[in-house]
Amino acid sequence: MSEIKPFVTLVGAGPGDPDLITLKGIKAIESADVILYDALVNEELLTYAKDSCTKIYVGKRAERLSTSQEYINKLLVDYALTHGHVVRLKGGDPFVFGRGGEELEFVRQYNIPTAVVPGISSSVGLTGLQQIPLTYRGISESFWVITGSTSDGRLSDDLYHAVKTNATVVVLMGYSKFQKIIELYQDYGRGDLPIALIQNGSLENERLAIGTMDSILQQVHKNLLGVPAIIVIGEVVAKHQSFERIRKEIQHLEA
């Protein structure tokens, strides 16, 4: 019987479309003895695993019963020590609100070697697929990626800073705070600022709502958007090919 060599690899699965994982990510899946995968991971990616691979769902979703982070950390260590190569397959990129840093820190306490395979974050991947540029000369010099789900349930303090800038703002895990985000921007007199919501981005059931802070709620209800969704805020949203058409339709209805 061969000696077990513990190893943990964090792999970013990308925003949803299985074709958007990296080749290196696929190779890691192919070599895995155990795969711990998240709720937003496309399960088609598991078909790359060898037949003997143990696949364990450890998904977490907001406002639903889910696997605790402490339990996931323990599983990573236990399976690495008993099975060998563990792949922690995470939606998007492991280090963009994926708690990848926390998991590596825990695993390293047991002197288990680790590696990271970056993934395409939804913050840059889904905006790119929608042809919304996060930066644009003369319009936006930077973009901020902010969580909408803080540990204590408050709106992120960074949003109160971002609302004062011309930066593009991408809010992840922010759908439950959507109304508060709109009110924040309206309070700062930015009701005309373009905004988009992308639900199930990169997948066949993708839905998009686009408008301004003052009109976006109507568009969200019209297009029946829900979770999971990302929020994109900034003048660059007006570069979406549908923005002007939708704005004219809204203005016509309000006239």
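The values are calculated or read from the model by the stated rules, or taken from the named source; none is laboratory data. What you are looking at is a predicted structure, and each value in this text was computed from that prediction instead of being measured. No Cβ is skipped: glycine too gets one built from the backbone with ideal geometry, and neighbour counts run over all protein chains shown. The area values use the complete protein model at the heavy-atom level, side chains included, leaving out ligands, DNA and RNA. Shrake-Rupley method; radii C 1.70, N 1.55, O 1.52, S 1.80 Å.
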Q: Considering only segment 193-214, state which residues are surrounded by fewer than 23 Cβ atoms within 10 Å (Cβ to Cβ), aliphatic (A, V, I, L, M) and within 17 Å of the chain's Cα centre (by Cα).
A: 203, 208
Q: Could you give me the residue pairs with C-beta distances under 6 Å whose first residue belongs to segment 185-200 and is within 12 Å of residue 231 (Cβ to Cβ), whose second residue is open to solvent by 50 Å² or more (accessible area, probe 1.4 Å) wherever it lies, and which are 6+ apart or on separate chains?
A: 199/207
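Restricting to segment 98-139, count the residues that are hydroxyl-bearing (Ser, Thr, Tyr) and buried (at least 20 other Cβ atoms within 10 Å of the Cβ). Walk me through it before giving the result.
First, the residues of segment 98-139 that are hydroxyl-bearing (Ser, Thr, Tyr): 110, 114, 121-123, 127, 135-136.
Next, from what is left, pick out any that are buried (at least 20 other Cβ atoms within 10 Å of the Cβ): 121-123, 127.
Summing the residues that are hydroxyl-bearing (Ser, Thr, Tyr) and buried (at least 20 other Cβ atoms within 10 Å of the Cβ) in segment 98-139 gives 4.
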Q. For segment 179-189, does any single residue satisfy the condition of being open to solvent by less than 10 Å² (accessible area, probe 1.4 Å) and touching a strand residue (DSSP E or B) at 6+ places or on another chain (Cβ under 6 Å)?
A. no
Q) If we keep just the residues of segment 216-240 that are farther than 19 Å from residue 177 by Cβ and at pLDDT 95 or above, which is surrounded by the fewest Cβ atoms within 10 Å (Cβ to Cβ)? A) 235
Q. How many residues, within segment 30-49, are of a type in the set (Val, Ile, Thr) and without any contact (Cβ under 8 Å) to a residue 40 or more places away in the chain?
A. 1
Q.
Return the residues of segment 7-18 that are more than 16 Å from the chain's Cα centre (by Cα) and open to solvent by 40 Å² or more (accessible area, probe 1.4 Å); say none if nothing qualifies.
A. 7
(Q) If residue 35 meets every condition in (1) surrounded by fewer than 21 Cβ atoms within 10 Å (Cβ to Cβ); (2) on the phi < 0 side of the Ramachandran plot apart from one, which number is that one? (A) (1)
